[in-house]
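Trainee: Sending over a structure as structure tokens; questions will come in a sec.
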Amino acid sequence: MNAQHGSLAHLPFFEALATMEEFDGEWPATSAGLVVLRLVDAWLEEGPQVVASDAWSLRAVREAIAGVASERGVRAILSGIVDVLESSGESGQPSVTRVAPRLMAYGRALDFDGHYALAADVYATLVAHAHPADEPDVAIDANMQLGYCRRRLGDLDGAADAYGRAGVIASATGDVMKVLLSQVADAKIAVARGNLPSAEQALDRAIEQARENRFTEVQGLAMHDRSTVAHLRGDYERAVRYAYQALGLLGSPVARDRVLGDLAASFINLGVRSAARDALLVLTATAQDQYSRWVATINLLELEAMDGCEPRFEEYRRQLEAVTLPPSIEAEYCLILGNTYRMFGRLAQARQALTRAVSLASAHEFNQVLFRAEEALRELDAGKLTRTSAAVAPPPAVVDVVEAISEMRTLAGV
């Protein structure tokens, strides 16, 4: 069960540190995170003596945490993890349940900042130590979050394995809500691989079962993914309607941010650019996680290309080129970048971006992106021009959604 905690334990942290200089702003927090995780491993595997008041390892970890800038929220989280270990005292057997809430918070902080490989390592630590029979909730939640990070990193097989483990444990314990969540997550894998009929059927079942059990948040999550399927089928009005229903069901700010980003994408394809811009400006001002901010920036880049505004397009492109995007986002970005270069007649750059999209999508089995990127390259080879269409008024079926998004922008003050 603890195989990952050998000589290569927490390899993603070592790899991240290898790309940094010691004066890099991320170095202290990443280094402190690594030593805290190693202390957690020792506490769970060797016992409470490793956090005795006179233990040198405890002092070293506290010093590393003290080196993290006080304004970084992660400093308090790491300190809280060590507090839990230290408060366990010499008596009693260390248990992953005691430290799980703090480790989950650390994982969420990392994935909010887009550090998916590091977050995955934190969740994998919990998975390695949580026994499904004794700590089912910890095992399920950690596997679900691990699956999310693996999916963002382009490891669809690893994501499917983690979601599958979560579903099996949830089923064994009779946790209907978490069984449904694992099924919704499986549908995301099907979407990424291009199997839209399978995803559609799974999501429709999940929506109905969530409605019957009054699992509002699960219903909202499934409705959001149903919107994604409609979008990929080119049914943008239906995608908007599903997404708007999801917004009304979801309470999680992060989940709502992600729906808003996808709403903007559907409005872009409908040609209703004013509503798309409203949604994206709300996101850039209020989104909590890095993923939603990246998506908003990519969609704003596409909007500026459609409007023919090359200077602002370049501004957004430079912002995105300055960061390392995870594969799941980079593949979509390269596809959109290639198509927007075509709008400006920059065909050599379009080919380079689309070829990169094909390479990423092929390597990670992002079949939906692969289909679209290959089609764009065929059009480029055939000399087919990409013309931007004029912005249009919203279709009657989505006018109420446009008005609601406009009100959100007003309330956000952007």
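Trainee: When you scan the stretch 188-200, how many residues do you find that are farther than 18 Å from Tyr163 by Cα and polar (S, T, N, Q)?
Mentor: Matching residues across the stretch 188-200 total 0.
Trainee: Identify, by number, the condition in (1) out of contact with any Asp or Glu (no Cβ under 9 Å at 6 or more places or on another chain); (2) closer than 30 Å to Leu360 by Cβ; (3) open to solvent by 10 Å² or more (accessible area, probe 1.4 Å) that Arg233 doesn't meet.
Mentor: With (1) out of contact with any Asp or Glu (no Cβ under 9 Å at 6 or more places or on another chain); (2) closer than 30 Å to Leu360 by Cβ; (3) open to solvent by 10 Å² or more (accessible area, probe 1.4 Å) applied to Arg233, the lone miss is (1).
Trainee: Return only the number of the condition from (1) in a helix (DSSP H, G or I); (2) open to solvent by 20 Å² or more (accessible area, probe 1.4 Å); (3) of a type in the set (S, T, N, Q) that Thr125 does not satisfy.
Mentor: So the condition that Thr125 fails would be (2).
Residues checked against (1) open to solvent by 10 Å² or more (accessible area, probe 1.4 Å); (2) closer than 22 Å to Ala397 by Cα; (3) assigned to a helix (DSSP H, G or I):
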position: Gln245; (1), (2), (3): yes, yes, yes
position: Gly248; (1), (2), (3): yes, yes, yes
position: Ser274; (1), (2), (3): yes, yes, yes
position: Leu281; (1), (2), (3): yes, no, yes
position: Thr284; (1), (2), (3): yes, no, yes
position: Gln288; (1), (2), (3): yes, no, no
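Trainee: Given the residues Ala52, Ala105, Ala32, Ala109, which is the only one that is at pLDDT 90 or above and surrounded by fewer than 21 Cβ atoms within 10 Å (Cβ to Cβ)?
Mentor: Only one candidate passes the filter, namely Ala105.
Trainee: A further question follows. Please identify the pairs in which a residue from the stretch 152-177 that is under 13 Å from Val127 (Cα atoms) has its Cβ atom under 7 Å from the Cβ atom of a residue that is of a type in the set (Ser, Thr, Tyr) and open to solvent by 30 Å² or more (accessible area, probe 1.4 Å), counting only partners at least 6 apart or on another chain.
Mentor: none
Listed here are the residues, each with its yes/no results for (1) open to solvent by less than 40 Å² (accessible area, probe 1.4 Å); (2) at pLDDT 95 or above; (3) in contact with a Cys (Cβ under 9 Å, 6 or more places away or on another chain).
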residue: Ser292; (1), (2), (3): yes, no, no
residue: Val295; (1), (2), (3): yes, no, no
residue: Asn299; (1), (2), (3): yes, no, no
residue: Glu314; (1), (2), (3): yes, yes, no
residue: Arg356; (1), (2), (3): no, yes, yes
residue: Ala363; (1), (2), (3): no, no, no
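Trainee: What's the number of the condition Ala412 fails, among (1) more than 30 Å from Gly158 (Cβ to Cβ); (2) open to solvent by 50 Å² or more (accessible area, probe 1.4 Å)?
Mentor: Of the numbered conditions (1) more than 30 Å from Gly158 (Cβ to Cβ); (2) open to solvent by 50 Å² or more (accessible area, probe 1.4 Å), the odd one out for Ala412 is (2).
The values are calculated or read from the model by the stated rules, or taken from the named source; none is laboratory data. Since we're looking at a predicted model, the values are computed, not measured. Note that we place each Cβ from the backbone using ideal geometry, even for glycine, and neighbour counts take in every protein chain shown. These area figures cover heavy atoms from the full protein model, side chains too; ligands, DNA and RNA do not enter into them. Shrake-Rupley method; radii C 1.70, N 1.55, O 1.52, S 1.80 Å.
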